[in-house]
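Scroll down for the structure; my scribbles are underneath it.
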Amino acid sequence: MSSLDFDFLIDHLLEHNWVALARALPEEVVKALREEAKALWQAGNFHNAKVGREGEKVKSEIRNDHIHWLDETNLSDVQMSYFAVLNEIKDRLNRELFLGIASFEGHYAIYPEGSFYKAHLDRFQDADERVLSCILYLNDNWQPDFGGQLRLHLEEKTLDIEPEGGTMVIFYSDRVLHEVLPANAERWSLTGWFRRRSLRDLF
Ligand code: OGA
Ligand code: MN
């Protein structure tokens, strides 16, 4: 069992469409994920992130991060400990919010100095699988003057979240407009989506 405050997670998500949890995972797990991401980056295992669905284009005026997709069928040990937590979250969400989440897809992301991701939603117009976005930040000792905040454009206000290591943010992929402000330092994260089966597959 993880020490996540599931009641807070569910209540806040239900009421506000988003939730942020500081120290969501043990420090050593965050550190191991960060080190794994950096090793993959140094080995050349990232590529420029694209905009839209698979096969779409690199559009550096919209986003200029680099990503490495995780292979859910071949997880490393530390990825498995993260997925164990994600599974617990999934079970609670399905049980209490009836979200029908079936799987998780995710990638490491690095925003090199000067990188950003302009305001967008995470659900594509022609694909309805993504229910919730779930981001885990992997930065060590992030400083406010580094920029790189996750900005949520909510109905009632704009909210900036610092990408401090161990902070987890969850929000509805189709409802919460969000962006990554320009980062003045390397910014690391593990970003993913809780997915349901496509409604299109039912017909
Ligand atoms: C994304 C995204 C936000 C962040 O990858 O779709 O919006 O804070 N990331 O990294
Ligand atoms: Mn996004």
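The values are calculated or read from the model by the stated rules, or taken from the named source; none is laboratory data. Just so it is clear, the model here is predicted, and its values are computed rather than measured. Using ideal geometry, Cβ is built from the backbone for each residue, glycine included, and neighbour counts are taken over all protein chains shown.
Within the range 142-162, the set of residues being more than 15 Å from the chain's Cα centre (by Cα) and β-branched (V, I, T) comprises T158 only. Among all positions in the range 151-166, there is at least one residue which is part of a loop (DSSP other than H, G, I, E, B), within 13 Å of ligand 1 (Cβ to nearest atom), touching a Ser or Thr at 6+ places or on another chain (Cβ under 9 Å) and free of Cβ contacts under 8 Å to residues at least 40 places away in the same chain.
Applying the condition of being part of a loop (DSSP other than H, G, I, E, B) and in contact (Cβ under 8 Å) with a residue 60 or more places away in the chain to the range 125-139 and asking which residue is nearest to S103 (Cα to Cα) yields E129. With respect to (1) without any contact (Cβ under 8 Å) to a residue 12 or more places away in the chain; (2) under 20 Å from K31 (Cα atoms), the lone exception for T191 is condition (1). Restricted to the range 126-137, and to residues that are in contact with an Asp or Glu (Cβ under 9 Å, 6 or more places away or on another chain) and away from ligand 2 (no atom under 14 Å from the Cβ), which residue is modelled with the lowest pLDDT? Out of the qualifying residues, it is D128.
Look at (1) surrounded by fewer than 21 Cβ atoms within 10 Å (Cβ to Cβ); (2) away from ligand 1 (no atom under 13 Å from the Cβ); (3) of a type outside the set (K, R); (4) under 29 Å from A84 (Cβ atoms) and you find that L121 fails only one, number (2).
Given the criteria without any contact (Cβ under 8 Å) to a residue 40 or more places away in the chain and either part of a strand (DSSP E or B) or more than 18 Å from F171 (Cα to Cα) (or both), does A39 qualify? Yes: the conditions hold for A39. For the range 31-51, the set of residues classified as in contact with a helix residue (DSSP H, G or I) (Cβ under 7 Å, 6 or more places away or on another chain) and either surrounded by fewer than 18 Cβ atoms within 10 Å (Cβ to Cβ) or aliphatic (A, V, I, L, M) (or both) consists of A32, L33, listed by residue number. All of (1) part of a helix (DSSP H, G or I); (2) over 30 Å from F116 (Cα atoms) hold for L99 with one exception: (1). The listed residues are E61, E54, E28, and the only one of them that is modelled with pLDDT under 95 and either buried (at least 17 other Cβ atoms within 10 Å of the Cβ) or over 18 Å from T191 (Cβ atoms) (or both) turns out to be E61. Residues of the range 167-188 that are acidic (D, E) and either assigned to a helix (DSSP H, G or I) or more than 16 Å from ligand 2 (Cβ to nearest atom) (or both): E186 alone.
Here's a check for you: in the range 138-156, which residue that is more than 16 Å from ligand 2 (Cβ to nearest atom) and at positive phi is modelled with the highest pLDDT? Among those that are more than 16 Å from ligand 2 (Cβ to nearest atom) and at positive phi, it is G147. Among the conditions (1) free of Cβ contacts under 8 Å to residues at least 12 places away in the same chain; (2) within 15 Å of ligand 1 (Cβ to nearest atom); (3) hydroxyl-bearing (S, T, Y), the only one that T73 does not satisfy is (2).
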